[in-house]
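J.: Take a look at the following structure, please.
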Amino acid sequence: MKGLTVFIADLRKCRSREEEERRVNKELANIRTKFKDSSLNGYNRKKYVCKLVYMSLLGYDVNFGHREAVELINSSKYSEKQVGYLAVTLVVPEDSDCLRMVVGAMRRDIHDMNEFNVCLALNAIANLGAREVAEALTPDIFMQLVSSASSVFAKKKAALCLLRLLRRHPDAVNSHEWAARVIPYMGHRDIGVTMSVTSLVTALAQQYPDEMRKAGAFAVRRLKSLVIDNEYSMDYMYYKVPVPWLQIKFLRLLQYFPAPENPELRMLLLDILRHIIDVSQEPQRDLQQMNAQYSILFEAINLGIELDIDQGLMQESAVLLGKFITSRETNVRYLGLETMAHLAAYIDNLDAVKTYQGVIIQSLRDRDVSVRRRALDLLYSMCDVSNAKVIVSELLRHMAVADFALREEMALKVAILTEKYATEYSWYVDVMMRLLSLAGDHMGDEVWHRVVQVILGNEELQTYACKISLQTLKAPVCHESAFKVSAYVLGEFGHLIANTEDCAPIDQLKALQNKMPATSVSGRSVALTTIAKFINLFPEIKSLCLRILDRYRNALDAELQQRACEYYALGTLESEDLLPTVFEEMPPFPDRQSALMSRLLKKEADTEDQRTWVFGGREINRERKMQLAGRSGSASNSTPTTPTTPRPPEIPEPVSPKPSTPSVPAQQQQPVEDLAVRKSKRHYARLLWENDGILFDGDEIQ
């Protein structure tokens, strides 16, 4: 297509953005004129559509030419059909009306006898990933996979296309209807089809572990034929390692199922794992052979850890991993640290892992950032009461020189470990205040919210926390997060240390007032609330507190001005009962999952296989498995929910009155009432910390 080549050359010659835009606009006007010509032939239509695709890739908005792309798809020529599918996947948006016309053409090509047309359609469907296409064409794609007339190439494409649609729209493909029927194709004579189907089965096993359990037995027998019986074609021998990619896929698939109940199958799986470990001990002369062998070995160790079928195997794995984390190869160190974190997340006795604690701490200073991240994950997983102080102190020491990308995660993990394994109240307060000072810029408000929440819930902690808070405010430098915690704690419990030397009410007020100008609006807002509480706690400094509030009544910021005006009005009222009632001591927060833990346990991406474990030790993985087991019985076609933003810990769950519906019988009224209460609770709670929103949403009024 000479015209396309000339157009691209013209754009490359442009010396400025304006010159390029003039050339593009000129070409767009020419293409619009040509598309109006009813006698336009296929060659020119293909050329102009290619130009539109190129302009779209450059970032220009191309909102026409979709119909011409569909006409190219309907062409009988392969080159025109190829350009049509390319344009549809790159230019046409998912919500376009043209997709309805494309669906019919795709269905015809899927059932075409020409495998090139079939593969073009399957590629386009996978790249589009649109819900409408998934709902309409999933049965046709599945038939292409199981049909005896389909070529090997088309079967591979069909399996991978189903995998893509399953990950994008799991509720639109009705996978529960055909999931079990794809398992036999894991034994297909072609290795490529087996690998593609195994990837699809792995994704299905995460949704339907009970229905897909037969795939586990199938994978064990196929592994036996590859590893022990050596039944494979020499074409798939990679540096003396038979079909390493397929072995890895089978080993990963088996991690989503429990240990086999059949004793024969259980022993067979144990023999396979031992054989893989024994083979890995043999010296490898080639780097590629070592990489392939180690890839299989690490997946085998992960499977052994997940199933926990032999303690001897676990001990042998721990010794092997100890060698790997000291390897000179960066990739081997990385995999060794990650797999040892998996081991630490499952075993009861961590002594085998603690043996290498010094090596793991040293890995925090590795040249490679990915190795440093895995070392942090392993330290987090292997931490318990006996080594918590050592690990936390090392992480705090390393935080000052850690990468900016690691500091937030490191700070979250230090906060969680300190709260979880604290045996002394003083140690918890000292560590958290130091953490806020070191990494306050890299943490969200959840951390200081959680510190306040813990202090409010532990009376033994409050007096010491007040002393440390006052010391923090008197220090030459005070980070804003530490300032907020200190101000909040003194406002609630400052009276506990009021009779202590250098901790008088006037000392607390001066320390707070000296740091206020250097803080942000949110920090000064917390400080104003503390000063208002001082009016209630310490009548002897009421006049000084009112003077500070009066000064902020003219603040430019609306938040500060409103707080100061309202607090000043409360402090100058003649009523003696209102102020103590408003500033009554906060009650302990109810027990619930820490917001820090919720933030750390981020949801896996939709396009990845789910992890079978998470960093953080045996307890959290046991709870996670119980939750997954409880959800496995739920409806298979339920729509996945989007995780909501966690609320700040200061907001208690409100109680809303139930609306009455007299005309409905009590048995039918209850679900309607429950739904209304749940919705109004969410609306009310969100309005407590957002600027605007909905309070009530009913049939007659919003």
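The values are calculated or read from the model by the stated rules, or taken from the named source; none is laboratory data. Worth saying up front: this structure is predicted, and the values here are computed from it rather than measured. Note that each Cβ is placed from the backbone with ideal geometry, even for glycine, and that neighbours are counted across all protein chains shown. Just so you know, the surface numbers come from the protein's heavy atoms only, side chains and all, with ligands and any DNA or RNA stripped out. Shrake-Rupley method; radii C 1.70, N 1.55, O 1.52, S 1.80 Å.
J.: Going residue by residue through region 535-555, is there one that turns out to be exposed (fewer than 14 other Cβ atoms within 10 Å of the Cβ), outside any helix (DSSP H, G or I) and in contact (Cβ under 8 Å) with a residue 40 or more places away in the chain? Even if it seems obvious, please write down each step before you answer.
T.: Here is the first cut: in region 535-555, the ones exposed (fewer than 14 other Cβ atoms within 10 Å of the Cβ) are 539-540, 543, 547, 551, 554.
Retained after the next criterion (residues that are outside any helix (DSSP H, G or I)): 554.
The next check asks that each one be in contact (Cβ under 8 Å) with a residue 40 or more places away in the chain; those that pass are none.
Taking every residue of region 535-555 in turn, none turns out to be exposed (fewer than 14 other Cβ atoms within 10 Å of the Cβ), outside any helix (DSSP H, G or I) and in contact (Cβ under 8 Å) with a residue 40 or more places away in the chain.
Results for (1) open to solvent by 10 Å² or more (accessible area, probe 1.4 Å); (2) more than 27 Å from the chain's Cα centre (by Cα); (3) more than 17 Å from residue 522 (Cβ to Cβ); (4) at pLDDT below 85, shown as yes or no for each residue.
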{"site": "402", "(1), (2), (3), (4)": "no, no, yes, yes"}
{"site": "435", "(1), (2), (3), (4)": "no, no, yes, no"}
{"site": "445", "(1), (2), (3), (4)": "yes, no, no, yes"}
{"site": "467", "(1), (2), (3), (4)": "yes, yes, yes, no"}
{"site": "471", "(1), (2), (3), (4)": "yes, yes, yes, no"}
{"site": "480", "(1), (2), (3), (4)": "yes, yes, no, no"}
{"site": "489", "(1), (2), (3), (4)": "no, yes, no, no"}
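J.: Looking at (1) at pLDDT 90 or above; (2) within 26 Å of the chain's Cα centre (by Cα); (3) not hydrophobic (A, V, I, L, M, F, W, C), which one does residue 139 not meet, given that it meets all the others?
T.: Among (1) at pLDDT 90 or above; (2) within 26 Å of the chain's Cα centre (by Cα); (3) not hydrophobic (A, V, I, L, M, F, W, C), the lone unmet condition for residue 139 is (2).
J.: Within region 246-275, can you find the residues that are part of a helix (DSSP H, G or I) and either open to solvent by 30 Å² or more (accessible area, probe 1.4 Å) or without any contact (Cβ under 8 Å) to a residue 40 or more places away in the chain (or both)? First the steps, then the outcome.
T.: Going residue by residue through region 246-275, those that are part of a helix (DSSP H, G or I) are 246-254, 263-275.
If the condition is that a residue be part of a helix (DSSP H, G or I) and either open to solvent by 30 Å² or more (accessible area, probe 1.4 Å) or without any contact (Cβ under 8 Å) to a residue 40 or more places away in the chain (or both), then 248, 249, 252, 263, 264, 266, 267, 268, 271, 274, 275 are the ones that fit.
J.: Turning to a different aspect of this structure: Given the structure, is residue 84 surrounded by 12 or more Cβ atoms within 10 Å (Cβ to Cβ), over 38 Å from the mean Cα position of the chain (by Cα) and not aromatic (Phe, Trp, Tyr)? Spell out the reasoning first.
T.: Working: surrounded by 12 or more Cβ atoms within 10 Å (Cβ to Cβ): yes; over 38 Å from the mean Cα position of the chain (by Cα): no; not aromatic (Phe, Trp, Tyr): yes.
It is false that residue 84 is surrounded by 12 or more Cβ atoms within 10 Å (Cβ to Cβ), over 38 Å from the mean Cα position of the chain (by Cα) and not aromatic (Phe, Trp, Tyr).
J.: Next question, about the same structure. Determine if region 226-236 includes at least one residue that is within 27 Å of the chain's Cα centre (by Cα) and either open to solvent by 10 Å² or more (accessible area, probe 1.4 Å) or modelled with pLDDT under 90 (or both). It would help to see each step written out before you state the result.
T.: Quick first cut of region 226-236, residues within 27 Å of the chain's Cα centre (by Cα) only: none.
Within region 226-236, not a single residue is within 27 Å of the chain's Cα centre (by Cα) and either open to solvent by 10 Å² or more (accessible area, probe 1.4 Å) or modelled with pLDDT under 90 (or both).
J.: Would you mind stating whether residue 209 is in a loop (DSSP other than H, G, I, E, B) and open to solvent by 20 Å² or more (accessible area, probe 1.4 Å)?
T.: Details: in a loop (DSSP other than H, G, I, E, B): yes; open to solvent by 20 Å² or more (accessible area, probe 1.4 Å): yes.
When the stated conditions are applied, residue 209 passes them.
J.: Which of the residues belonging to region 76-95 are under 17 Å from residue 34 (Cβ atoms) and either touching a Lys or Arg at 6+ places or on another chain (Cβ under 6 Å) or without any contact (Cβ under 8 Å) to a residue 24 or more places away in the chain (or both)?
T.: Hits for region 76-95 are 80, 83.
J.: If you scan region 420-464, which residues turn out to be among the hydroxyl-bearing types (Ser, Thr, Tyr) and either in contact with a strand residue (DSSP E or B) (Cβ under 6 Å, 6 or more places away or on another chain) or assigned to a helix (DSSP H, G or I) (or both)? Can you show your working first?
T.: Kept after step one, since they are among the hydroxyl-bearing types (Ser, Thr, Tyr), are these residues of region 420-464: 421, 423, 425-426, 428, 437, 463-464.
Across region 420-464, the qualifying residues are 421, 425, 426, 428, 437, 463, 464.
J.: When you look at residue 289, is it touching a Lys or Arg at 6+ places or on another chain (Cβ under 8 Å), in a helix (DSSP H, G or I) and more than 25 Å from residue 184 (Cβ to Cβ), yes or no?
T.: Working: touching a Lys or Arg at 6+ places or on another chain (Cβ under 8 Å): yes; in a helix (DSSP H, G or I): yes; more than 25 Å from residue 184 (Cβ to Cβ): yes.
Judged against the criteria, residue 289 is a match.
J.: Restricting to region 138-173, count the residues that are under 12 Å from residue 122 (Cβ atoms) and in contact with a Gly (Cβ under 7 Å, 6 or more places away or on another chain).
T.: Residues in region 138-173 being under 12 Å from residue 122 (Cβ atoms) and in contact with a Gly (Cβ under 7 Å, 6 or more places away or on another chain): 3 in total.
J.: Within region 298-309, is even one residue over 26 Å from the mean Cα position of the chain (by Cα) and free of Cβ contacts under 8 Å to residues at least 24 places away in the same chain?
T.: no
Okay, residues lined up against (1) hydroxyl-bearing (Ser, Thr, Tyr); (2) surrounded by 22 or more Cβ atoms within 10 Å (Cβ to Cβ); (3) touching a residue at least 60 places away in the same chain (Cβ under 8 Å); (4) not in a helix (DSSP H, G or I):
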position: 361; (1), (2), (3), (4): no, no, no, no
position: 374; (1), (2), (3), (4): no, yes, no, no
position: 381; (1), (2), (3), (4): yes, yes, yes, no
position: 392; (1), (2), (3), (4): no, yes, no, no
position: 396; (1), (2), (3), (4): no, no, no, no
position: 406; (1), (2), (3), (4): no, no, no, no
position: 411; (1), (2), (3), (4): no, yes, no, no
position: 418; (1), (2), (3), (4): yes, yes, no, no
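J.: Taking residue 192 as meeting all but one of (1) in contact (Cβ under 8 Å) with a residue 12 or more places away in the chain; (2) farther than 30 Å from residue 80 by Cβ, write down the number of the exception.
T.: Of (1) in contact (Cβ under 8 Å) with a residue 12 or more places away in the chain; (2) farther than 30 Å from residue 80 by Cβ, only one is false for residue 192: (2).
J.: Limited to region 426-457, what total is found for residues that are in contact (Cβ under 8 Å) with a residue 40 or more places away in the chain and farther than 18 Å from residue 481 by Cβ?
T.: 1
J.: May I ask you to list the residues in region 305-342 that are acidic (Asp, Glu), part of a loop (DSSP other than H, G, I, E, B) and more than 13 Å from residue 371 (Cβ to Cβ)? Don't jump to the end; show me each part of the working.
T.: Initially, region 305-342 is screened for residues acidic (Asp, Glu), giving 306, 308, 310, 316, 329, 338.
Subset that is part of a loop (DSSP other than H, G, I, E, B): 308, 310, 329.
Once the filter is applied, which keeps residues that are acidic (Asp, Glu), part of a loop (DSSP other than H, G, I, E, B) and more than 13 Å from residue 371 (Cβ to Cβ), region 305-342 yields 308, 310.
J.: Something else now. Tell me which helices (runs of 4 or more DSSP H) are completely within region 78-175 and hold 2 or more residues being farther than 25 Å from residue 195 by Cα, or say none if there are none. It would help to see each step written out before you state the result.
T.: Values: elements: 78-90, 98-110, 115-128, 131-146, 152-168.
Counting at least 2 such residues, we get 78-90, 98-110, 131-146.
J.: A follow-up question, please. State whether one or more residues within region 144-153 are among the aromatic types (Phe, Trp, Tyr) and farther than 30 Å from residue 301 by Cβ. Quick ask: steps written out before the conclusion?
T.: At the first step, the residues of region 144-153 found to be among the aromatic types (Phe, Trp, Tyr) are 153.
This time we only want the ones that are farther than 30 Å from residue 301 by Cβ, so: 153.
Yes, some residue in region 144-153 is among the aromatic types (Phe, Trp, Tyr) and farther than 30 Å from residue 301 by Cβ.
J.: State all residues of region 179-227 that are under 21 Å from residue 153 (Cα atoms), out of contact with any Leu (no Cβ under 7 Å at 6 or more places or on another chain) and of a type in the set (Gly, Ala, Ser); if no residue qualifies, say none.
T.: Once the filter is applied, which keeps residues that are under 21 Å from residue 153 (Cα atoms), out of contact with any Leu (no Cβ under 7 Å at 6 or more places or on another chain) and of a type in the set (Gly, Ala, Ser), region 179-227 yields 187, 192.
J.: As an exercise: evaluate residue 441 against (1) at pLDDT below 85; (2) farther than 22 Å from residue 490 by Cβ; (3) surrounded by 20 or more Cβ atoms within 10 Å (Cβ to Cβ) and give the number of the one condition it does not meet.
T.: (3)
J.: For residue 451, which of the numbered conditions (1) open to solvent by less than 30 Å² (accessible area, probe 1.4 Å); (2) more than 25 Å from the chain's Cα centre (by Cα); (3) at pLDDT below 90; (4) farther than 30 Å from residue 366 by Cα fails to hold?
T.: (2)
J.: Could you look through region 48-61, keep only residues that are more than 19 Å from residue 80 (Cβ to Cβ) and among the hydrophobic types (A, V, I, L, M, F, W, C), and pick out the one that is farthest from the chain's Cα centre (by Cα)? Lay out the reasoning, then the answer.
T.: We begin by selecting, within region 48-61, every residue more than 19 Å from residue 80 (Cβ to Cβ); these are 55, 57-61.
When the remaining residues are screened for being among the hydrophobic types (A, V, I, L, M, F, W, C), the result is 55, 57-58.
Working: 55: 34, 57: 29, 58: 31 Å.
Per the stated criteria, the residue is 55.
J.: Look at residue 181 and say whether it is surrounded by fewer than 22 Cβ atoms within 10 Å (Cβ to Cβ), part of a helix (DSSP H, G or I) and in contact (Cβ under 8 Å) with a residue 40 or more places away in the chain.
T.: Details: surrounded by fewer than 22 Cβ atoms within 10 Å (Cβ to Cβ): yes; part of a helix (DSSP H, G or I): yes; in contact (Cβ under 8 Å) with a residue 40 or more places away in the chain: no.
No.
J.: Right, something else. Within region 497-534, which residues are surrounded by fewer than 22 Cβ atoms within 10 Å (Cβ to Cβ) and basic (Lys, Arg)?
T.: Matches in region 497-534: 510 only.
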